[in-house]
């Protein structure tokens, strides 16, 4: 071995005139990696060398594939924040993430090599650009976005199928939890309710304190729809524009009014945070991300919480539980196990399972129905009320009582039926409801939205379509 | 022009998700992505290379705690901010004069969050000058768009980020204080804490724990849940109020809120519904009767709530069939669920002709006609209790469909 590095020897074999460069490099940096050496040599020199080679060109390109592109791509992909965030949202583990990086780097390398070969065959003067790190960086970015696009499309198509085969792995466990795909959306545990009641009392008394920053707190009240002051209605969040109108926040332009409202909102949020820090420390604990035993999969119960096989069986069979204490009362776990399981994030919050929209899997796993019943219900819905299942001889009275106890409800929302789901409506539907083409396009492109404030962030507070949007649409919590 | 770019839908979605967690403005997150996109689309020969690992903005905790929003290009750390609709950009004062803000800020004008362009660069010195005059916790500067802004040349002219100098890592208690309530913390102490934390990546895991408890995103999530819960309490109270006329709506709300502390926040839960109806019925009964009769009326209500017929439950608990029969006739002669009032002698006497059998009926408290009012009134109250419970049962269905 000439250099003490098999990689560098391979380079030298193909480019013996670089011998001095290689020796200097090896001595200076004590480095043995061909990738570092090639980076130092630079794209232009590498390209010219490749052009000068005859039969050995393909070996040289092959060497570049292994010792130039692959290491550079793996480094760039590992550092790529979009990819990391996308995979971590889907709870992909570190090993699996590394595997994905390798797989993507192989794909991109092949594409880059194909482009390089094309440049070499045509002897393009600026063909060296394919070897520039900035070019590789752009290729990585584009490949990651393509990968995310394909994965997201697959998720949406899969999740829109409400009849997931219960025997298969639930795909929801591997998709982002950024939208309320699952029935636990807005499920509040008793610990959280206790804290929320306390918070309400504190906020009410803050609003009555002499000299209190009422304006800032009122903005918080309106934006979140807390229902603490006469200006807001509980559960009905306001956009910035609506809040400005409601509270008569004055400024020369709408932009300034919004800016003033934002300042007040930030001030109000800081006040609330300070109050929580000083007087409601229990909130921090109650809002730690937990695993709800009423909806968790068998695997999550065993792996995340460390429940034994027997505990998992009893838990799934006994669903649902109103609180963690109930798991002890009903013999699912022993009292000694509770502190350990709580520290691992175990919570028990009842979740209603709507017979008119739940997946087959939810009906089986949460409500405890046999597969055949669940499939039949999904096929024969909607139901105006739960009793209709008995009238239509799908369930017996006793079965219905049992499933109701376990969380089955039949939601029937005529108010929503008159409005369209903004997260699902087609661009045509939007335009027919009076939304101009430009805004309709933005909505379709950027949804799903969780709140109206998010819609406002995209359309701008001055969009002329606000009235139509608020009157004719609701924000459905489903994949858009 | 390399200072213009589009942001892909996928990046927008990732940004939305991230800002929900970190609680920082979506516009700033998108502005940073726009700068990155502009760098990706620059001529590769310009040699602009992003080092995403070295950017503080890749760390959610640092973003959430300090509002850092930087890109690291060729060893240069550049802060990025979106220009607001009023033409200004805003930054937290504690970042000025720290190792984070050595170069300056790229100002980005967004177009409906789909794309936009970098319009100006604010050097760190300009922020420092503004900071000397500042009194508020944030600094805001009016941005004047450069006529021909050249992103590549601007970046090339920037100084390299200084090598990280050793700083004492911030104490956990100071971080918590900073996150939750920094109003009493002098600005210099805040900057020391920012520098100390940024320079010591060993302290980032500690910061993550603090942020998970006290971030803006967490407060917003709690408030959103608070709105949901307040709305549920109000809706339930509105549904229940017509059935429990003696209870004020505020009393019902108080009862609902308290029950949530035992059964969780979902009124669809059968345990929640059962406890709610039982509690409201008993509260209503305490306004109607007292003493031993209250106990009996509660028993009747319980029996009816568990599915028994009103007449059966009353007969079993009252143990005076004649009084029950009289009370039944009186009740039928009155409005169905009118306000309860004691029976009058006239009503009792009026009931007899309707009974199938004339009862031999006398007690120690005889009416002028020789009949007692007390057992009849007691039975009447029990009938009202039963009717109340029967009506309350309807609430069960309504709640399951909330």
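The values are calculated or read from the model by the stated rules, or taken from the named source; none is laboratory data. Predicted, not measured: the structure shown is a model, and the values here were computed from it. Glycine gets a Cβ as well: all are built from the backbone with ideal geometry, and neighbour counts include every protein chain shown.
Checked against the criterion of being in a helix (DSSP H, G or I) and either in contact with a strand residue (DSSP E or B) (Cβ under 6 Å, 6 or more places away or on another chain) or within 10 Å of chain A (Cβ to nearest Cβ) (or both), the candidates B:223, B:139 yield just one match: B:223. Has the stretch B:93-102 got at least one residue that is within 14 Å of chain A (Cβ to nearest Cβ), surrounded by fewer than 20 Cβ atoms within 10 Å (Cβ to Cβ) and closer than 24 Å to residue A:263 by Cβ? Within the stretch B:93-102 (the criterion being within 14 Å of chain A (Cβ to nearest Cβ), surrounded by fewer than 20 Cβ atoms within 10 Å (Cβ to Cβ) and closer than 24 Å to residue A:263 by Cβ), the answer is yes, since at least one residue qualifies. Mind checking whether some residue in the stretch A:50-73 is in contact with a helix residue (DSSP H, G or I) (Cβ under 6 Å, 6 or more places away or on another chain), within 24 Å of residue B:8 (Cα to Cα) and in a helix (DSSP H, G or I)? Yes, there is a match, as at least one residue in the stretch A:50-73 is in contact with a helix residue (DSSP H, G or I) (Cβ under 6 Å, 6 or more places away or on another chain), within 24 Å of residue B:8 (Cα to Cα) and in a helix (DSSP H, G or I).
Residue-wise test of (1) surrounded by 18 or more Cβ atoms within 10 Å (Cβ to Cβ); (2) closer than 16 Å to residue A:123 by Cβ; (3) modelled with pLDDT of 95 or more.
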{"residue": "A:53", "(1), (2), (3)": "no, yes, no"}
{"residue": "A:57", "(1), (2), (3)": "no, yes, no"}
{"residue": "A:73", "(1), (2), (3)": "yes, no, yes"}
{"residue": "A:77", "(1), (2), (3)": "yes, no, yes"}
{"residue": "A:87", "(1), (2), (3)": "yes, no, no"}
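If we scan the stretch A:134-145, do we find a residue that is surrounded by fewer than 15 Cβ atoms within 10 Å (Cβ to Cβ) and at pLDDT 90 or above? If you could, list the steps in order and put the result at the bottom.
Just the residues of the stretch A:134-145 that are surrounded by fewer than 15 Cβ atoms within 10 Å (Cβ to Cβ), to begin with: A:142.
Narrowing further to those that are at pLDDT 90 or above: A:142.
Within the stretch A:134-145 (the criterion being surrounded by fewer than 15 Cβ atoms within 10 Å (Cβ to Cβ) and at pLDDT 90 or above), the answer is yes, since at least one residue qualifies.
Is it true that some residue in the stretch B:41-55 is away from chain A (no Cβ under 11 Å) and crowded, with 22+ Cβ neighbours inside 10 Å? Looking for residues that are away from chain A (no Cβ under 11 Å) and crowded, with 22+ Cβ neighbours inside 10 Å, one finds none in the stretch B:41-55, hence no.
When residue B:168 is tested against the conditions (1) crowded, with 18+ Cβ neighbours inside 10 Å; (2) part of a loop (DSSP other than H, G, I, E, B), the lone failure is (1). Taken over the stretch A:230-246, the criterion of being surrounded by fewer than 16 Cβ atoms within 10 Å (Cβ to Cβ) and either farther than 18 Å from residue A:452 by Cβ or within 9 Å of chain B (Cβ to nearest Cβ) (or both) is satisfied by A:230, A:236.
Being within 14 Å of chain B (Cβ to nearest Cβ) and not in a strand (DSSP E or B) narrows it down to one residue among A:351, A:378; which is it?
On the way: A:378 fails: within 14 Å of chain B (Cβ to nearest Cβ).
Answer to the selection: A:351.
Within the stretch A:313-328, if we keep just the residues that are part of a helix (DSSP H, G or I) and within 12 Å of another protein chain (Cβ to nearest Cβ), the residue that is farthest from residue A:368 (Cα to Cα) turns out to be A:325. Among the conditions (1) without any contact (Cβ under 8 Å) to a residue 60 or more places away in the chain; (2) within 8 Å of chain A (Cβ to nearest Cβ); (3) buried (at least 23 other Cβ atoms within 10 Å of the Cβ), residue B:252 misses just one, which is (2). Candidates B:316, B:398, B:378, B:339: the one that is at pLDDT 70 or above and under 45 Å from the mean Cα position of the chain (by Cα) is B:398.
Here is a yes/no grid of residues against (1) free of Cβ contacts under 8 Å to residues at least 60 places away in the same chain; (2) farther than 30 Å from residue A:153 by Cβ; (3) touching a helix residue (DSSP H, G or I) at 6+ places or on another chain (Cβ under 6 Å); (4) more than 12 Å from chain A (Cβ to nearest Cβ):
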| position | (1), (2), (3), (4) |
| --- | --- |
| B:13 | yes, no, no, no |
| B:35 | no, no, no, yes |
| B:76 | no, yes, no, yes |
| B:87 | yes, yes, no, no |
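Report whether or not residue B:88 is in contact with a strand residue (DSSP E or B) (Cβ under 8 Å, 6 or more places away or on another chain) and closer than 30 Å to residue B:9 by Cβ. Against the criterion (in contact with a strand residue (DSSP E or B) (Cβ under 8 Å, 6 or more places away or on another chain) and closer than 30 Å to residue B:9 by Cβ), residue B:88 qualifies. Filtering the stretch A:426-461 to residues that are within 13 Å of another protein chain (Cβ to nearest Cβ) and in a loop (DSSP other than H, G, I, E, B) leaves A:436, A:447, A:448, A:449, A:450, A:451, A:460, A:461.
Among the residues of the stretch A:387-409 satisfying the criterion of being out of contact with any strand residue (DSSP E or B) (no Cβ under 7 Å at 6 or more places or on another chain) and not in a helix (DSSP H, G or I), which is nearest to residue A:322 (Cα to Cα)?
Step one: filter the stretch A:387-409 for residues out of contact with any strand residue (DSSP E or B) (no Cβ under 7 Å at 6 or more places or on another chain), giving A:387-406.
Filter once more, keeping what is not in a helix (DSSP H, G or I): A:387, A:392-396, A:406.
Details: A:387: 24, A:392: 31, A:393: 30, A:394: 28, A:395: 25, A:396: 25, A:406: 11 Å.
In this case the residue turns out to be A:406.
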